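These notes are about the structure you will find just below.
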2 protein chains.
Amino acid sequence: MERNTSSKSDLPPGFRFHPTDEELIMFYLKNQAKSKPCPVSIIPEVDIYKFDPWQLPDKAEFGENEWYFFSPRDRKYPNGVRPNRATVSGYWKATGTDKAIHSGSKYVGVKKALVFYNGRPPKGVKTNWIMHEYRLSDSHKQIKKHSGSMRLDDWVLCRIYKKKNSAEKILDHKVEESNTQIDRGLKMLRSYSLETYLTITVPSQGIFK
Amino acid sequence: MERNTSSKSDLPPGFRFHPTDEELIMFYLKNQAKSKPCPVSIIPEVDIYKFDPWQLPDKAEFGENEWYFFSPRDRKYPNGVRPNRATVSGYWKATGTDKAIHSGSKYVGVKKALVFYNGRPPKGVKTNWIMHEYRLSDSHKQIKKHSGSMRLDDWVLCRIYKKKNSAEKILDHKVEESNTQIDRGLKMLRSYSLETYLTITVPSQGIFK
């Protein structure tokens, strides 16, 4: 088996960056906001809105099926507080409700899920590209004035991945099922050959009598 | 935030042992079967049938919510090929269909799921303790004769975990929901205070007019 070469890490087989929401906020995003180094430098600074989601895996230093970035957010309107979520070919749109992230009983940040749409609203076409955007709670933010700037706030941390569609899931399942069927067939064939062998060569001791 | 102390590893935050089925077979179980060292010595040799599942986390060197072991399997009957799945207080019973594990197109092993029952069959009471048992395909096994021995075969690799029951899941969800409600309440309170403040102190510039 070849190991995944898209990951540049030297982790032993089976080890992965699978952080909890709390770990992402407390050990990575908080450090980034304070300009302190992260425990491991695996999350690059990329303005993800300058790219379409399928271009992002190449911008990541690390990751198999999901990719992490620290991204700035720009304002949609000069005096507004809404972020600009448009990219070259489409836009990110929030889905579901935001999730408050706690460390112990302390509220430390928010996780927002977004879906990428190709085209321009309201005619965008939904894709399977998903973003989880983590931002710090206000009390954890380094308050900075960006007067006259389109920059909305400090860094956010984004996890980008492509959800499998139901057709791919069904295909995966079918492949797995076929493999199981093939294995069963081979097993039957082997036990049949053994039975034939035993009946022909050692009939008196035949196990299957 | 305190880091989980049950894990003795020195991994940076967010890194975990989350192996694929293929990695468990190809990098860990195959090495164990050949008496070769694993990439990392994190899977201890424990005869898991000598313990009840809730005793096993303490026997593992590593793991937060799931624990890995190399275990021998004993025969149920002296001349049979069925493994003895009884423990002190109960027994493990297979559930679902076995899954063939492939490395590329090569069939390399089998994954079997089992559930722990308290008591003795047929009166055992199902628990939430789950085992995934990985064994090598016959072609990967080191064929050894254990004549006169109750030992059935070579090592198997077991992942043990406790499934959350639906009540726990609902509780988790409720806590999360309550936290979100509290956050929303605080947010409303803060925006209300700001509005009051603006109305009282700077009525002519009141944003909310």
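The values are calculated or read from the model by the stated rules, or taken from the named source; none is laboratory data. Keep in mind it's a predicted model, so treat the numbers as computed, not measured. Using ideal geometry, Cβ is built from the backbone for each residue, glycine included, and neighbour counts are taken over all protein chains shown. These area figures cover heavy atoms from the full protein model, side chains too; ligands, DNA and RNA do not enter into them. Shrake-Rupley method; radii C 1.70, N 1.55, O 1.52, S 1.80 Å.
Annotations
- Options B:LYS169, B:LYS111, B:LYS99, B:LYS162: the member that is among the basic types (Lys, Arg) and modelled with pLDDT under 95: B:LYS169
- Applying a threshold of 7 Å to beta carbon distances and a minimum spacing of six or more residues, or different chains, the list of pairs starting in the range B:22-40 at a residue that is assigned by TED's automatic domain parsing to the domain that holds B:LYS111 and ending at one that is among the basic types (Lys, Arg) and open to solvent by 20 Å² or more (accessible area, probe 1.4 Å) reads B:ALA33/B:LYS141.
- Here A:VAL46 meets the list (1) modelled with pLDDT under 95; (2) touching a helix residue (DSSP H, G or I) at 6+ places or on another chain (Cβ under 7 Å) almost entirely, failing just condition (1).
- Scan of the range B:32-46 for residues that are buried (at least 16 other Cβ atoms within 10 Å of the Cβ) and facing another protein chain (nearest Cβ under 7 Å), ordered by number: B:VAL40
- Taking the criterion of being assigned to a loop (DSSP other than H, G, I, E, B), on the phi < 0 side of the Ramachandran plot and surrounded by 14 or more Cβ atoms within 10 Å (Cβ to Cβ), the residues of the range A:13-26 that qualify are A:PRO13, A:PRO19, A:THR20.
- A:LEU29 falls short on exactly one of the conditions (1) in contact with a strand residue (DSSP E or B) (Cβ under 7 Å, 6 or more places away or on another chain); (2) surrounded by fewer than 13 Cβ atoms within 10 Å (Cβ to Cβ); (3) not in a strand (DSSP E or B), and that condition is (2).
- Of the residues making up the range A:92-104, those that are more than 9 Å from chain B (Cβ to nearest Cβ) and open to solvent by 40 Å² or more (accessible area, probe 1.4 Å) are A:LYS93, A:ALA94, A:THR95, A:GLY96.
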